[in-house]
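The values are calculated or read from the model by the stated rules, or taken from the named source; none is laboratory data. For clarity, every value in this text was computed on a predicted model and none was experimentally measured. Neighbour counts are summed over all protein chains in view; Cβ atoms, including those assigned to glycine, are modelled from backbone coordinates with ideal geometry. What goes into the accessible areas is simple: the full protein's heavy atoms, side chains included, and nothing from ligands, DNA or RNA. Shrake-Rupley method; radii C 1.70, N 1.55, O 1.52, S 1.80 Å.
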Amino acid sequence: MMVPVRCFTCGNVVAEHWEEFKARTREAEEPEDPEKVLDELGVERHCCRRMLVSHKDLVDIVAPYQ
Amino acid sequence: MTQDYEVEFVERSDREARFLVRGISPAFANGIRRAMIADVPTFSVDTVRVIENSSVMFDEQIGLRLGLVPLTTDLDDFEVGDEVTLSIDVSGPETAYSGDLVSSDSLVGPADDNIPIIDLKDGQRLEVEADAVLDRGREHAKHQGGVAVGYRHLQRVEVVGDKGEFEDDETHILRGVIEEQAAEHVDGDADDGDLVLTEEFDSDLTKRYPGKELEVHDVENAFVFHAETDGSLSVEELTLRAVDSIRSRADELRDAVQL
């Protein structure tokens, strides 16, 4: 629903990068390459990278059924 | 019995460091690694009192997310078991961030301010009081100060000859840190005894020593640690506290077995 706070595998805090990652790769008019964005954000390990790459915010979808 | 160890930093910043330690056994290196993960206490939210939660998430989920937020920890002023109360009060439409946590103690607060806790819609509200407790990583992973702490042997690359003229140009991947022993074969600046991160030459030895036949050996009793923290402590503090915890337990053992 919300982005996980930490990486499941290594425990690194990944949520702090989520909004910038989302803005640059999914919501921008010219989406950037996620690989490049993650490198720039300093999310190095592939365990942390999958946390952001594979995430989808669901709060907006769930909210009407509250 | 005391013994001196040689410690040398290869890379160093507030939250991440790589350092070389010479003169320790593999068992002791692993002891330090384990102590950094499990024995250095950090603050983490442990109990929450929910005053209002009309968000789309359950109270327990909010509690879990708050628990995972790293909190700055000053180990000189607190002992294991100490509690600090934090509160958060956000009304929608807005996202509640870790930075919205208000602490009752200025020494303890969120290490990162922009971790989203929950996205609140119009009319939703989150008001929570949370007790953070100082405890160790072995009690719960949320108290771990060290993230992805590990070590490798320091490595030495030996040039044993030239490659045959018609041999394949296969890559020779090596990761970690090498101690320069064959500076005369390197293009560019290099001195024997330099500590070189393999990332500097793309982790490919054939780029550093082109056309040479190579042998890689571990340097005995020399370990390169790579440590990161979640922000609750600096790497330096984490390492020193880990070593202190080993020492205090060793002292305890010595006293216990003394006649």
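Can you list the residues, at least 5 places off or on another chain, whose amide H is less than 5 Å from the amide H of residue B:85, using H built in the peptide plane?
When sequence neighbours closer than 5 places are left aside, the close amide H contacts are B:104, B:132.
Can you run phi through the Karplus equation (6.51, -1.76, 1.60; θ = phi - 60°) for region B:246-259 and list ³J(HN,Hα) in whole Hz, with x for Gly and Pro?
5, 4, 5, 6, 5, 4, 4, 5, 4, 5, 5, 8, 6, 7
Over region B:45-138, with every protein chain in place, what whole percent of the accessible area is carbon and sulfur at 1.4 Å, could you tell me? Present the calculation step by step, with values, prior to reporting the outcome.
Values: 1790 of 4230 Å².
Carbon and sulfur: 42 percent of the exposed surface of region B:45-138.
Rounded to the nearest angstrom and ordered from largest down, what semi-axes does the equivalent ellipsoid of the protein assembly as shown get from its C-alpha gyration tensor (root of 5λ)?
On the way: eigenvalues 368, 175, 34 Å².
Semi-axis lengths for the protein assembly as shown are 43, 30, 13 Å.
So what's the gap between the Cα centers of region B:60-139 and region B:192-259, to the nearest angstrom?
One Cα centre to the other: 33 Å.
Would region B:5-44 count as rounded, prolate or oblate if I go by the C-alpha gyration tensor, calling it rounded below 1.5 in a/c and otherwise prolate when a/b exceeds b/c, oblate otherwise?
oblate
Grab the protein assembly as shown and count how many Lys pairs have their alpha-carbon atoms under 25 Å apart, sequence gap of 8 or more, or different chains.
9
Of all chymotrypsin sites (Phe, Trp or Tyr not before Pro) in region B:160-259, which ones are in loop regions per DSSP and have a Cβ with at most 16 other Cβ atoms within 10 Å? Don't skip to the end; give the middle numbers.
Working: sites: B:166, B:201, B:223, B:225; in loops: B:166.
Here the chymotrypsin sites (Phe, Trp or Tyr not before Pro) that fit, given the DSSP loop and packing criteria, are B:166.
Taking only protein heavy atoms and a 1.4 Å probe, what accessible area per residue, in Å², does region B:45-138 have with all protein chains in place? Each step should come with its number before you reach the end.
Numbers: 4230 Å² over 94 residues.
With all protein chains present, region B:45-138 gives 45 Å² per residue.
If I take every Cα pair under 8 Å that is 6 or more residues apart in chain A, average their sequence separation and divide by the length, what percent do I get for the relative contact order? Show your work: numbers first, answer last.
Numbers: 60 pairs, mean separation 27.5, N = 66.
This gives 42 percent for chain A.
How high is the relative contact order of chain B? Use alpha-carbon pairs under 8 Å, at least six apart in sequence, and give a whole percent. Walk me through the numbers on the way to the answer.
On the way: 546 pairs, mean separation 68.9, N = 259.
Reported relative contact order: 27 percent.
From the Cα gyration tensor of chain B, with a ≥ b ≥ c the square roots of its eigenvalues, which class applies: rounded if a/c is under 1.5, or else prolate if a/b is larger than b/c, or else oblate? Can you show the working numbers first?
Details: a/c = 3.57, a/b = 1.76, b/c = 2.02.
In terms of gyration-tensor shape, oblate.
Counting protein heavy atoms only and a 1.4 angstrom probe, how many square angstrom of accessible surface do chains A and B bury in total, to the nearest 100? Each step should come with its number before you reach the end.
Numbers: alone 4890 and 14510 Å², together 17510 Å².
For A against B, buried area totals roughly 1900 Å².
Taking 8 Å as the Cα distance limit and 6 or more residues as the minimum spacing, I'd like the relative contact order of region B:45-138 as a percentage.
Details: 199 pairs, mean separation 40.9, N = 94.
Dividing the mean separation by the residue count of region B:45-138 yields 44 percent.
Taking 51 Å as R0, compute the FRET efficiency from the Cβ-Cβ separation of residue B:49 and residue B:162 and round it to 0.05.
On the way: r = 72 Å, r/R0 = 1.42.
In this case the efficiency is close to 0.10.
How much accessible surface does residue B:217 have with a 1.4 Å probe, in Å² rounded to 10?
60 Å²
Anything losing 40 Å² or more of accessible area from the isolated chain to the full protein assembly: pick those residues out of region A:1-49, probe 1.4 Å, ligands and DNA/RNA ignored.
With the partner chains in place, region A:1-49 has these residues losing at least 40 Å²: A:1, A:2, A:5, A:6, A:13, A:16, A:19, A:45.
What residue among B:112, B:194, B:39 has the largest mean-square fluctuation in a Gaussian network model of chain B, using Cα springs under 10 Å?
Between B:112, B:194, B:39, it is B:194 that shows the largest mean-square fluctuation.
Return the calculated 222 nm mean residue ellipticity for chain A, to the nearest 500 deg cm²/dmol, obtained by summing -39500 (n - 2.57) across DSSP H runs with n ≥ 4 and dividing by the residue count. Display every interim value, and only then the final one.
Working: 4 runs with 28 residues, N = 66.
Calculated at 222 nm, the ellipticity per residue is -10500 deg cm²/dmol.
Which whole-Hz couplings ³J(HN,Hα) result when phi for each residue of region B:218-232 is put into the Karplus expression 6.51 cos²θ - 1.76 cosθ + 1.60, θ = phi - 60°, listed in order with x for Gly and Pro?
Along region B:218-232, the couplings run 6, 8, 4, 6, 10, 10, 9, 8, 10, 10, 10, 10, 7, x, 6 Hz.
Could you give me the ³J(HN,Hα) list for region B:97-104, computed from phi with Karplus coefficients 6.51, -1.76, 1.60 and θ = phi - 60°, whole Hz, x at Gly and Pro?
10, 4, x, 7, 5, 10, 9, 7
Specify whether the C-alpha gyration tensor of chain A places it in the rounded, prolate or oblate class, a ≥ b ≥ c being the square roots of the eigenvalues: rounded for a/c under 1.5, otherwise prolate if a/b is larger than b/c and oblate if not. Walk me through the intermediate numbers first.
On the way: a/c = 2.67, a/b = 1.24, b/c = 2.15.
Note, shape of chain A comes out oblate.
Can you give the calculated 222 nm mean residue ellipticity of chain B, where each DSSP H run of n ≥ 4 adds -39,500 (n - 2.57) and the sum is split over every residue, rounded to the nearest 500 deg cm²/dmol? Show your work: numbers first, answer last.
On the way: 4 runs with 50 residues, N = 259.
Value at 222 nm, helices only, nearest 500: -6000 deg cm²/dmol.
Please list, in chain and number order, the residues 5+ apart from residue B:163 or on another chain whose amide H is under 5 Å from its amide H, with Hs placed from the backbone.
B:212, B:213
Taking H as built 1.01 Å from N, whose amide H comes closer than 5 Å to the amide H of residue B:219, not counting residues under 5 places away?
Amide H to amide H, under 5 Å and 5 or more residues apart or across chains, residue B:219 pairs with B:154, B:155, B:156.
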